[in-house]
1. If the only charges are +1 at each Lys and Arg Cβ and -1 at each Asp and Glu Cβ, what is the size of the charge dipole of the range 87-194 around the Cα centre, to the nearest 20 debye?
2. With viscosity set to 1.306 mPa s at 10 °C, what whole-number translational diffusion coefficient in µm²/s follows for the range 46-148 from Stokes-Einstein and a Kirkwood radius over Cα pairs?
3. Would you mind estimating how fast the range 49-96 diffuses translationally, via Stokes-Einstein at 20 °C and 1.002 mPa s with the Kirkwood radius over Cα pairs, in µm²/s?
4. Can you list the residues, at least 5 places off or on another chain, whose amide H is less than 5 Å from the amide H of Val77, using H built in the peptide plane?
5. Using the Cα centre as the reference, give the magnitude of the dipole from point charges on the C-beta atoms of the range 46-148 (Lys, Arg: +1; Asp, Glu: -1; all else neutral), rounded to the nearest 20 debye.
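Bear in mind these aren't lab numbers, they're just calculated from the coordinates by the rules spelled out. Keep in mind that this is a model prediction, so the values were computed, not measured. No Cβ is skipped: glycine too gets one built from the backbone with ideal geometry, and neighbour counts run over all protein chains shown.
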Amino acid sequence: MADDGSVCVLAHETSTANHPHNPLCPLIDLAPESAWAARPMRGPDGILGELCVVIGGGAVGTRKAATLAGAGARVAVVAPVVTDELHALITAGTVQWIEARYQETHGRDAFLVVAATDDLGLNAAITREARRAGALVCDASSREGSQVIFGALCDRDDATIAVFTDGRDPSHARRTRDRVADLLARDPEREAKR
């Protein structure tokens, strides 16, 4: 946390340089083999207003786009088709839809590019091109290809819980998150405080 109380969007493993997009962030390691974990992206300087581009309009792209939009990012999704849930976010004006197949220019000027297609080779190409353009990258199909890893979030009125497996097993993270959410929902002390 910075002196002004702002929270960086990233949890860093090491402390070697300043974050190029958030001057209040004291830590970052840009080594390609280093993965960071996206925090519950709150605070005045997280990703608020930053352009985040999600390539892929399926279930994974939908989750990533919804998380980023909920954190205040400007989100653009590049995909020829999108899920109904993502279409609802587009219709509400929460997310911009670029109804097209991916082109290298789509990631230009982005703070973060998320490769969430069902094509492993395309995801790798997207992340390579986005890194060259200076963006942070999340390859939803490869922990090793990612600089940013999203946790499975449980966001309640009184608490936000994030479960991370460092990208090794996202389905396990989601199952664990769901178990914790179920426990919170059944907590009599929590209900009494409402």
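1. On the way: 16 positive and 18 negative charges, 29 e Å.
In total the dipole reaches around 140 debye.
2. Working: Rh = 13.0 Å.
It comes out at roughly 122 µm²/s.
3. On the way: Rh = 10.1 Å.
Stokes-Einstein gives a translational diffusion coefficient of 213 µm²/s.
4. Long-range HN contacts for Val77: Val54, Gln96, Trp97, Ile98.
5. Values: 9 positive and 11 negative charges, 49 e Å.
Roughly 240 debye for the range 46-148.
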